[in-house]
Amino acid sequence: MKKLSIITINYNNAKGLRDTYWSIAKQTFRDYEWFVVDGGSKDGSKEFVVEHEADVAWWCSEQDGGIYNAMNKGILHASGEYLLFLNSGDTLFEPTTLEKVFGKETRDADVLYGDRREIQPWRLKKICRSPQKVSYYYFATRPLCHQTAFIRTSLLKQSPYDETYRICADWAKWVELSRNGYSFLYVPITVCNYHRNGISYHAKAQLQEEHKRLLSEFYEKEEAEVILSLLEKIDMRLKVIRRLIWLASVLLIAILVLLCF
């Protein structure tokens with residue numbers, strides 16, 4: 001048995017798939033297997049996998065039923081003790097990343113998780129720290145970035161991702177695992193370079209609807225209502241702050257223009 005199974009989901013992102021592959025191939029830690037679940041790409045992704053087939057434990061290129069259907073396909077074939085989902089375009093932070101997680105120090109938890117470097121268009125890259133402790137109530141308001149998390153494979157084989165969620169099944173899984181008493185351990189390293197351009201970033205309305213569903217399924221009604229009310233108040237305040245920042249920026253530009261003349 002390998003220590004780690006890495007699963008990469010891809011659809012028409014050949015460049016991202018290449019970047020992900022090379023970040024894995026450069027790892028000093030070698031006790032892993034790599035799986036590619038491609039959604040029937042037509043951009044050369046399949047040809048790239050065929051070219052590097054010797055480095056792939058299993059792969060497919062076929063139409064799937066969405067992100068979590070593809071992830072569940074990979075889970076079926078994984079044999080490592082832990083699973084890492086590293087989607088096409090996301091990369092391991094440095095060649096020693098996996099060595100730092102699994103190499104010298106023995107860590108025994110159901111979920112190991114670390115930090116990420118977040119990449120967004122037109123913004124500076126930044127290191128985003130994960131909380132040192134998470135809990136059932138922490139996950140009521142936010143998930144872990146799954147590209148930073150190593151999950152015990154047996155847990156996902158017993159209970160795969162709920163494919164009726166389109167973008168929040170991984171969030172629902174964190175709630176389920178924490179509610180059922182499984183252990184989470186923070187590892188203070190940066191695990192990945194994460195591109196914040198996935199479906200959950202763009203489909204805000206669907207994200208909010210699935211979050212409400214998650215709360216109704218896993219929390220008491222009164223708890224869910226309090227959490228939603230609190231989040232709405234925070235969101236309103238953030239909108240006001242963003243508006244003030246925008247107005248201040250416009251005012252500053254206007255003053256600079258006037259000074260130039």
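The values are calculated or read from the model by the stated rules, or taken from the named source; none is laboratory data. All values derive from a computational prediction rather than experimental measurement. Neighbour counts are summed over all protein chains in view; Cβ atoms, including those assigned to glycine, are modelled from backbone coordinates with ideal geometry.
Here are some notes:
- Just one residue in the set TYR182, TYR113, TYR186 is touching a residue at least 40 places away in the same chain (Cβ under 8 Å), assigned to a loop (DSSP other than H, G, I, E, B) and of a type outside the set (A, V, I, L, M); that residue is TYR182.
- Residues within segment 51-71 that are touching a residue at least 60 places away in the same chain (Cβ under 8 Å), crowded, with 19+ Cβ neighbours inside 10 Å and not small (Gly, Ala, Ser), tallied: 3
Matching residues to (1) under 15 Å from TYR219 (Cβ atoms); (2) assigned by TED's automatic domain parsing to the domain that holds THR8; (3) crowded, with 18+ Cβ neighbours inside 10 Å:
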{"residue": "GLN132", "(1), (2), (3)": "no, yes, no"}
{"residue": "PHE139", "(1), (2), (3)": "yes, yes, yes"}
{"residue": "CYS145", "(1), (2), (3)": "no, yes, yes"}
{"residue": "THR148", "(1), (2), (3)": "no, yes, yes"}
{"residue": "ARG152", "(1), (2), (3)": "no, yes, yes"}
{"residue": "LYS157", "(1), (2), (3)": "no, yes, no"}
{"residue": "CYS168", "(1), (2), (3)": "yes, yes, yes"}
{"residue": "TRP171", "(1), (2), (3)": "yes, yes, yes"}
{"residue": "ASN180", "(1), (2), (3)": "yes, yes, no"}
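- A single member of PHE93, PHE139 is modelled with pLDDT of 95 or more, of a type outside the set (Lys, Arg) and over 18 Å from MET1 (Cα atoms), and it is PHE93.
- Sole residue being at pLDDT 95 or above and among the basic types (Lys, Arg), chosen from LYS173, LYS126: LYS173
- Taken together, the residues in segment 27-82 that are of a type in the set (A, V, I, L, M) and within 24 Å of THR97 (Cα to Cα) amount to 9.
- Of all residues in segment 50-75, those being in a strand (DSSP E or B) and of a type in the set (Ser, Thr, Tyr) number 1.
- Residue within segment 151-167 that is among the acidic types (Asp, Glu) and under 19 Å from ARG196 (Cα atoms) present: no
- Pick from segment 11-37, criterion among the basic types (Lys, Arg) and assigned to a helix (DSSP H, G or I), ranking: surrounded by the most Cβ atoms within 10 Å (Cβ to Cβ): ARG18
- Residue under evaluation PHE48, criteria (1) aromatic (Phe, Trp, Tyr); (2) touching a residue at least 40 places away in the same chain (Cβ under 8 Å); (3) surrounded by 18 or more Cβ atoms within 10 Å (Cβ to Cβ), criterion not met: (2)
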